[in-house]
Structure formats: C-alpha cells, structure tokens
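For reference, the structure is listed below as structure tokens.
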Amino acid sequence: MTVSRRSGDETLSGHYLALLCQHALTRGHDPAALLAGTGLSRDELDQPGRQVPMATCLRIFANTLQLDPDPGLGIALGRQLNLRSHGFLGYAILSSRTIGEAIDLGVRYFRTRTSLFEIRLFREDDMAVVQLDERVPLGPLGPLLVDALMTLIAVCGRQVTGRDFNGITRLASPRQPHHADWPEMARATVLFDAAFNQFRFPRIGLQLPISQSDPQLLQMAMAQCEEELRHLHDAGGLLADVRRLAKQHMAEDASLDHIAGCLNLAPRTLRRRLNELGTSYQMIIEQLRRGRAVELLLHSSRSVDDIASDLGYQDPSNFGRAFRRWTGKSPRQYRESRGS
C-alpha cells in the first residue's frame with residue numbers, strides 16, 4: 001500500500017532504508033539497532049510504496065553512524081543501488097531511448113523515491129548539468145546522502161551507457177579522506193567546496209542511445225510512476241514553490257511579503273510553515289544568492305556591481321559584506337583566488 005505524502009512532509013522510500021539495514025548486517029550490526037526508537041521493523045520498511053518521514057530517516061541514520069561511524073557509508077550505499085533497485089523508475093530509465101530522455105524521467109519521478117532532495121537538468125552553453133539541491137536542511141547528514149546519490153547516479157549511468165562517468169563532478173562539501181577511494185569517479189574531474197552538487201558533461205551526451213531501450217516497457221513503467229505520483233499528492237511542495245519564485249523575482253522584489261503574496265499566503269503564515277519545515281525564508285534566499293553569486297563570479301565576466309544588482313542588492317557594499325560573511329573573502333578576492 002502506498003503511503004500518501006502531503007506537501008511539506010519530506011520523505012525517503014523505505015526500500016532504501018531496508019538496504020541500509022542489509023548493509024549494516026553485512027558489517028556485523030543488528031539491523032534492529034538501526035531502527036531503535038522509530039517503531040518500525042525491516043518488513044515494514046520494504047512494503048511497496050512505503051515512504052518514511054524525514055524525522056524518522058534522520059533518526060535511523062543517526063543510529064547507523066553511532067553503531068558504525070564509517071565516513072564512506074554514503075558511497076557504500078550508493079554502490080548497492082543499481083537501476084533495478086528503484087522499482088518502476090529504474091525500469092523507465094533503463095528502457096528509455098536516449099540519455100537525455102532517461103534523465104528527464106529521473107527528474108520527473110525522483111520524488112516518488114525521496115523528497116529530501118530536488119534534482120534538476122538544465123543546459124549551460126555546451127554543457128548538460130544535473131544538479132542536486134537539499135529541499136530541507138539536513139545538517140551533517142547532507143554530505144553523506146549526497147555521496148550516496150552521486151555514487152548512485154554514476155552507477156546507474158554506467159548501467160545504461162556501459163562506461164564510467166567522464167565529466168565534471170562538483171560537490172558543495174569539502175574533500176574528505178574517504179573520497180580518495182571512489183572508483184565510480186575515477187575518470188571524472190571532482191571539485192569540492194563548490195556552490196552546488198552537480199554532474200556536468202557535454203550536452204551532446206544527452207543524445208547517446210540506450211542499448212536496452214524498450215518502448216513497451218517504457219510506457220508501462222511510466223504509467224506506474226504516474227500512478228505513484230498521484231498517490232503522493234505532491235506537486236513539488238512549498239519549498240520548491242518558494243525557491244522558484246525567489247529566483248524569478250530576485251533582481252526585483254524577493255522580499256518575504258512579496259513571495260507570500262505570490263503564493264496567496266499571509267507573510268506570517270509563510271514564515272510559520274517554513275519554520276515547521278526546519279528552515280526560514282532568510283535561509284532560502286541566502287542559499288540562492290550565495291550559489292548564484294559564486295556561479296557568476298567564477299563563470300562570467302560580469303562586474304561585481306552587476307552581479308550585486310542581479311541578486312537584488314541596491315547597494316553593492318551590502319553584497320560585499322554578505323559575500324564576505326558567506327566565504328570569508330570579498331567577491332573580487334574570491335574571483336581572483338579561483339583564477340578567474
């Protein structure tokens with residue numbers, strides 16, 4: 001039975017947590033210890049369509065790291081997740097006609113597996129970019145889960161192309177010792193302390209055919225994924241709407257009052273609902289501004305004053321103070337230190 005997810009109830013597929021229990025067993029740990037305090041059993045986790053609320057997920061991961069503080073846990077988990085472990089989403093990707101179509105399907109149906117992250121595909125000049133964003137603050141578990149998802153994408157990519165990922169991987173977290181043993185990224189250029197978590201590769205790669213393409217299986221799998229979406233009752237959630245509107249109005253009026261009006265909410269209602277999700281509008285807008293600022297400083301020749309205006313700062317000195325708070329450097333120092 002599929003468990004409905006209301007907008008704002010961030011979840012993770014129970015199947016992935018069941019795999020975490022299996023991994024713990026191979027490491028000599030009792031899976032029941034991972035589920036302590038959750039009221040869940042392994043059998044319940046693996047029920048079809050089971051979605052586990054974020055608070056419970058965080059408790060399970062915290063239990064896991066207490067039992068086995070392995071910094072490479074995320075990479076180890078990602079290795080277990082081949083396409084067939086993702087149910088009908090995996091079959092839809094595997095039976096797609098091209099890499100581009102497969103990624104588009106992954107983006108569309110990703111939230112049937114988790115809403116802790118948002119995944120996007122976009123084109124930037126001659127590059128295709130797959131980007132992962134936390135939808136809610138995950139704290140120290142964020143880098144672990146990003147390691148798992150990046151490894152998962154690399155594993156699935158090899159499964160459909162027959163080759164290792166050979167592009168650029170950007171991670172928002174610092175380099176850690178366990179990243180030195182990451183065979184899935186052996187042929188990739190891996191950059192750390194980036195603005196976003198991304199895979200980047202020549203956009204012509206989106207046209208590569210998939211050898212196991214199967215139109216009939218694709219239609220069946222997509223129909224099942226659509227049904228799962230309907231059960232989830234989730235068209236993107238409040239956080240996705242707030243981020244989208246904040247990006248859209250950033251250069252003009254990205255105040256909380258204006259965004260609340262766009263959503264037909266009272267400002268205090270929006271503030272309260274974001275607080276219930278463990279975040280705030282200030283946190284969201286700063287995250288967006290920081291990411292956009294870094295991208296423009298490193299990958300454009302626009303002046304610092306122009307960038308400040310694009311981010312909604314009427315006074316460039318306010319942008320300079322904010323950027324120094326985020327990075328410890330002025331915008332010009334940051335650009336020069338990265339060789340731009």
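The values are calculated or read from the model by the stated rules, or taken from the named source; none is laboratory data. Please read these numbers as outputs of a predicted model, since none were measured by experiment. All Cβ positions, glycine included, derive from the backbone under ideal geometry; neighbour counts span all protein chains shown.
Structure summary
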quantity	calculated
Residue count for region 301-328, restricted to those that are modelled with pLDDT under 85 and not in a helix (DSSP H, G or I)	1
Residue match in region 260-274 (condition: buried (at least 17 other Cβ atoms within 10 Å of the Cβ) and β-branched (V, I, T))	no
Residue that is nearest to A251 (Cα to Cα), among those in region 316-333 that are surrounded by fewer than 14 Cβ atoms within 10 Å (Cβ to Cβ) and either small (G, A, S) or touching a Pro at 6+ places or on another chain (Cβ under 8 Å) (or both)	S317
From the options R187, R170, R203, R120, residue that is free of Cβ contacts under 8 Å to residues at least 60 places away in the same chain and more than 26 Å from S13 (Cβ to Cβ)	R187
Residue in region 110-117 that is in contact with a Gly (Cβ under 7 Å, 6 or more places away or on another chain), in the same structural domain as Q176 (by TED's automatic domain parsing) and closer than 30 Å to N275 by Cα present	yes
Search result, residues across region 291-307 that are farther than 17 Å from S317 by Cβ and not β-branched (V, I, T)	G291, R292, E295, L296, L298, H299, S300, S301, R302
Top-ranked residue of region 214-248 - restricted to ones that are modelled with pLDDT of 85 or more and under 30 Å from T269 (Cα atoms), ranked as surrounded by the most Cβ atoms within 10 Å (Cβ to Cβ)	V242
L296, sole failed condition from (1) closer than 21 Å to Q131 by Cα; (2) of a type outside the set (G, A, S); (3) in contact (Cβ under 8 Å) with a residue 24 or more places away in the chain	(3)
Flag if D164 is in the same structural domain as R111 (by TED's automatic domain parsing), of a type in the set (D, E) and within 26 Å of L17 (Cα to Cα)	no
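Condition check ((1) over 24 Å from the mean Cα position of the chain (by Cα); (2) at pLDDT 90 or above; (3) assigned to a helix (DSSP H, G or I)) across all residues:
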| residue | (1), (2), (3) |
| --- | --- |
| T269 | yes, yes, yes |
| G278 | no, no, no |
| I285 | no, no, yes |
| L288 | no, no, yes |
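Quick grid of which residues meet (1) closer than 20 Å to T38 by Cβ; (2) touching a Lys or Arg at 6+ places or on another chain (Cβ under 8 Å); (3) not assigned by TED's automatic domain parsing to the domain that holds L141:
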| residue | (1), (2), (3) |
| --- | --- |
| A55 | yes, no, yes |
| F61 | yes, no, yes |
| Q80 | no, no, no |
| I93 | no, no, no |
| I99 | no, no, no |
| I103 | no, no, no |
| V107 | no, yes, no |
| R120 | no, no, no |
